[in-house]
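J.: This is the structure I want to talk about, given as structure tokens.
The values are calculated or read from the model by the stated rules, or taken from the named source; none is laboratory data. This is a predicted model, so every value here is computed, not measured. In this analysis, Cβ positions are derived from the backbone assuming ideal geometry, glycine residues included, and neighbour counts consider all displayed protein chains. Areas reflect the complete protein model, heavy atoms only, side chains present, ligands, DNA and RNA absent. Shrake-Rupley method; radii C 1.70, N 1.55, O 1.52, S 1.80 Å.
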Amino acid sequence: MADLFSDDPVEAAPVPPAADAPLADRLRPASLGDVVGQEHLTGPEGAIGRMVAAGKLSSLILWGPPGTGKTSIARLLAQAVDLRFVPLSAVFSGVADLKRVFAEAREHAKAGRRTLLFVDEIHRFNRAQQDGFLPFVEDGTVTLVGATTENPSFELNAALLSRCQVLILRRLDHVALCSLLDRAEDVVGRALPLTPAARDALVASADGDGRFLLNQAETLFDVALEQALDPTALAAFLQRRVAVYDKDREGHYNLISALHKGLRGSDPQAALYYLARMLTAGEEPLYVLRRLTRFASEDIGLADPQALVQCLAAKDAYDFLGSPEGELAIVQACLYCAVAPKSNAAYKAQKAAWRSAKDTGSLMPPKHILNAPTKLMKDIGYGRGYAYDHDEQAGFSGQDYWPEGMSPQRFYEPTDRGFEAKVAERLRYWAELRSERRSSDD
């Protein structure tokens, strides 16, 4: 039987990557201080910095976009607080793998060596598998560090979330990505064969993903070029459209901000100009479509519900037609959003509702609106007194749906613009009915 207390590969001293290893591996940070773009977590005042200083690590969920350093941070955390580092991928692992890891961790714990279990893409585990972590996290068999690109609130069990601290990693900004390129040039020993404008375009095309940026840089290092590439030549070489910047070096963040403000200000001419600036410069059309779709919810909302439909239809049309034919659908969506009535009521309602949900915790809904699939639940009052709205006059019961001890809240306040004017009228009508019926009940 193998000696469970011997040094295993996952806890051996880090071995420097080979000279021919991928550039991203050669540039993996050697300490938390080398991690770029996440200083709000790894710095002295950050959550991770404080844990390391205290020498005590709690279970964590690292939530952030691809290529932002989640795996590196987990590995360096284990190194910083002297824990075994055991990595797993939820894509390639199952229950048998988890049982083996927990058994080994328990044996190591008996010898005084604790384990950091890193689970990449933890959201890929189903609910039952996630529940399997609970006893081992609770008794300290493992310190769990999960990595996910998805919203943990939607993808992870509440029980597991309650035992972990969620830390949000930021997409790498321009400064952080440029720092990675500088390090890459130091390691390789020569500069990238790019003009300054092409270098900016390469950074922008990474869209915050450090791993992607280094892979693209490695492709450039691997070829001998007679002269530096400009943005157009770079796009052709990488077979990928990259954003081009004019002499003022306005990045795509400036242009997308200008587009957003033009849309919000209901100026279709200015919005179309900035859209043209981005698309003719080589910006990714799907990036623009994502921002238009967000705008449709944030700045138009129910003032014109068709705005969101238009944006999603434009995305489908672009997927179907490609460039350049599909770009006309993006123009249509842009113009529709610009001329639509505006409302941020849904956006404000979301923020208010999320804040209230955090403040009120886990209040139970009132029993009369809970289903009672079992006799016990019926006996304790679940579903008792529920009024089925379709059987009521005007299809409206006016019942109270809020948890006991919580007064009704108003998160959504429709404007008097566009379709929301009708929504506001409908809400006033229901409020009057509700008031009348509660008065009659009294």
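J.: Counting Lys and Arg as +1 and Asp and Glu as -1, each charge on the Cβ, what is the dipole of the chain about the Cα centre in debye, to the nearest 20?
T.: About 900 debye.
J.: Residues with amide H under 5 Å of G418's amide H, sequence separation 5 or more or different chain, H placed in the peptide plane at 1.01 Å from N; which?
T.: Residues meeting the amide H criterion: none.
J.: Now a separate question. How long are the semi-axes of the ellipsoid equivalent to the chain, from square roots of 5 times the Cα gyration tensor eigenvalues, in whole Å, largest first?
T.: 44, 38, 17
J.: Which order do the peptides 217-229, 61-73, 328-340, 125-137 come out in when sorted by mean C-beta neighbours inside 10 angstrom, highest first? Let's see the in-between values first.
T.: On the way: 217-229: 13.5, 61-73: 22.6, 328-340: 21.0, 125-137: 16.2.
Listed from highest to lowest mean packing, they are 61-73, 328-340, 125-137, 217-229.
J.: I need the peptides 25-31, 271-277, 187-193 ranked by packing, meaning the mean over residues of other C-beta atoms within 10 angstrom, with the highest value on top.
T.: Per-residue Cβ counts within 10 Å, averaged per peptide and sorted highest first, yield 271-277, 25-31, 187-193.
J.: Within the accessible area of the chain, what % is carbon and sulfur when the probe is 1.4 Å and the other protein chains stay in place?
T.: The nonpolar share, carbon plus sulfur, comes to 54 percent.
J.: Can you find, among W430, L98, S153, the residue sitting farthest towards the positive end of the charge dipole of the chain, where Lys and Arg contribute +1 and Asp and Glu -1 at Cβ?
T.: Result: W430, furthest along the dipole toward the positive end.
J.: Then there is this: Measure off 7 Å from each Cα along the Cα-to-Cβ vector at D359 and A394, then give the distance between these two points in nanometres to one decimal.
T.: About 3.0 nm separates the two model spin labels.
J.: What does the charge count near R384 come to, summing +1 for each Lys or Arg and -1 for each Asp or Glu among other residues with Cβ under 12 Å from its Cβ? Working shown, then result.
T.: On the way: positive: K367, K378; negative: D379.
Combined, the nearby Lys, Arg, Asp and Glu give +1.
J.: May I ask for the net charge around A431, where only other residues with Cβ less than 12 Å from the Cβ of A431 are counted and Lys, Arg are +1 while Asp, Glu are -1?
T.: So the surrounding residues net to +3.
J.: With point charges of +1 on the Cβ of Lys and Arg and -1 on the Cβ of Asp and Glu, referenced to the Cα centre of the stretch 85-244, which listed residue (H123, L144, F212) lies farthest in the positive direction of the dipole?
T.: Looking along the dipole axis, the top candidate is L144.
J.: Which pairs in the list K261/K422; K358/K378; K70/K358; K348/K378; K351/K378; K261/K315 are over 32 Å apart, alpha-carbon to alpha-carbon?
T.: Violating the 32 Å Cα-Cα cut-off are K348/K378; K351/K378.
J.: Moving to a separate point now. Per DSSP H run of n ≥ 4, the term is -39500 (n - 2.57); total these for the chain, divide by its residue number, and report the mean residue ellipticity at 222 nm rounded to 500 deg cm²/dmol. Provide the component values of the computation, followed by the final result.
T.: Numbers: 21 runs with 217 residues, N = 442.
Value at 222 nm, helices only: -14500 deg cm²/dmol.
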